[in-house]
Amino acid sequence: MSNVDRLTRVNALLKREIAESLYRVFAGQDFDFAAVTVTHVFISSDLHTARVLVSILGHEKDRAGILRRLQQHHGAIQKLLSKHVILKYTPQLHFELDTSVEQGDHVLRLLEKMETEHPDWAAEPPPAPQEENTP
């Protein structure tokens, strides 16, 4: 078993456990769970640190505040991780904003707009490649 495969499995496990831990840590607080999605976790090869990428949909004006709250509660989340995930080390969590979901949505909206404005573009097949006559 290669180390890369192991890290990939650990990343997936941490992603799932961190997402579940958010519900436990922020239960009873004014926190919009539906807006926050853990999209990726990248643990270092020595298992000491992990970058946790989160997508925050909606709340455009308060993203920094939500991210700050996540970082402030990283200790409580790490403590829950240490109970549910048995690793040599419990990684130090660092939360970062992931905007890739929004960027993908933006591209899809642009494509949809182009299709609506120019329906004839979608109906026309692309031109066939021309063959070169080489002797």
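The table below gives the values:
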read-out	value
Span from the segment 30-63 Cα centroid across to the segment 89-113 one, whole angstrom	10
In order through segment 18-24: 3J(HN,Hα) via Karplus (6.51 cos²θ - 1.76 cosθ + 1.60), integer Hz, x for Gly, Pro	5, 4, 5, 5, 4, 5, 6
Cβ-Cβ FRET estimate between S82 and D120, R0 fixed at 41 Å, reported to 0.05	0.10
Rounded to the nearest 20 debye, dipole of segment 3-122 from Cβ charges on Lys, Arg, Asp, Glu	880
Lysine pairs within the chain, Cα separation less than 25 Å, 8 or more sequence positions apart or different chains	4
C-alpha long axis of helix 100-117 to longest principal axis of the chain, angle in °	30
Reciprocal mean inverse distance between Cα atoms of segment 31-83 - Kirkwood radius, Å	12.2
Peptides ranked, highest mean first, by Cβ atoms within 10 Å: ranges 102-110, 38-46	38-46, 102-110
Pair-distance profile P(r), taking every C-alpha pair of segment 3-122, with 10 angstrom steps and integer %	12, 39, 26, 13, 8, 2
Helix-only mean residue ellipticity at 222 nm for the chain, each DSSP H run of n ≥ 4 adding -39500 (n - 2.57), per residue, nearest 500	-16000 deg cm²/dmol
Quarter of Cα convex hull surface for segment 1-62, i.e. mean projection, nm²	4.9
Between 0 and 90°, nearest 10: helix 74-84 axis offset from the chain longest Cα axis	80
For a label point 7 Å along the Cα-to-beta-carbon line of R68, residues of segment 16-42 with backbone N under 18 Å	30-32
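Since every read-out is calculated from the coordinates, none of them should be taken as a lab result. Just so it is clear, the model here is predicted, and its values are computed rather than measured. Cβ sites come from the backbone with ideal geometry, for glycine too, and all protein chains shown count toward neighbours.
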